[in-house]
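Remarks on the structure that follows.
Every number here is computed from the coordinates shown, using simple stated rules; none is lab data. What you see is a predicted model; the values in this text were computed from it and never measured. So basically every Cβ, Gly included, is an ideal-geometry build from the backbone, and we count neighbours across all protein chains shown.
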Amino acid sequence: MTLRNHLAQDWKQLLADCFPKIMVNILPHFALAGQDTHVAQQRDKAHRVYDILKDSNFLGKQELDPAPNPPFFSSYVIKATLDYLSKCHSANHKSLVTILSKTPMSIQRILIAICQKAAETTNAYERHRILMMYHLFVSLLLREVKDGLGGAWAFVLRDIIYTLIHHINSRSCPQDEVSSRSLSLCCELLSLVCQTAVEYCDDALESHLQVIVATLTAQVTEQSAISQQVREN
């Protein structure tokens, strides 16, 4: 029986889960100074481990994105913090989006601030992280479109749709691995927006269908890496 059978789970996922602990143990060896034989061996071993982790047969580069400048937090921590803030500022334990909807301009300002941040960076990894921030906030908004978002639901949907179309159409050529992930993230979110619009306010989607279809059709013919995702959406 192989080690994989004993693990009873996908070994790549297990390796990804252990990645932070692995890095904690090998990073100090990168900084070791001196030409002592033992030091050189430890440093060489650390480099070999890292090169193995980067190999596409193991974690690949997707799991090894450089960490942003501190402070930075996982989406789980951010969501938990938002939930806590919502409870602190609402006696009825309303969601943060519901609270923001009392002054719809707040939602618009947040969307604009995230988009400006993405436009200002030239680093592909940083842009992808910002798009993930955008994805998180938009997902929170879409959950409450049915309640009207303080009367701003039509503007919010239109703004999100054309922001995503802009990111999809302004992709770099040729596509590197990070940019491909960003493109996939935008297509996924655009699909979620369309599904939400069809469910709660299909008349608001009609005027945007032509540009959405044209944008996604181009991805099927130009981007073989995500063509299957576009077809499924």
- Task: Evaluate E = 1/(1 + (r/R0)^6) for R158 and A218, where r is the Cβ-Cβ distance and R0 equals 22 Å; express this FRET efficiency to the nearest 0.05.
- Result: 0.60
- Could you calculate the contour length gain from I22 to K45, that is, 0.36 nm times the residue separation minus the distance between their Cα atoms, to one decimal place in nm? 7.0 nm
- Query: Leaving out same-chain residues fewer than 8 places away, which lysines sit with a Cα under 22 Å from that of K12?
  - Reply: K21, K45, K54, K61
- Can you list the lysines whose alpha carbon is less than 16 Å from that of K146, not counting same-chain residues fewer than 8 positions off? K94, K102
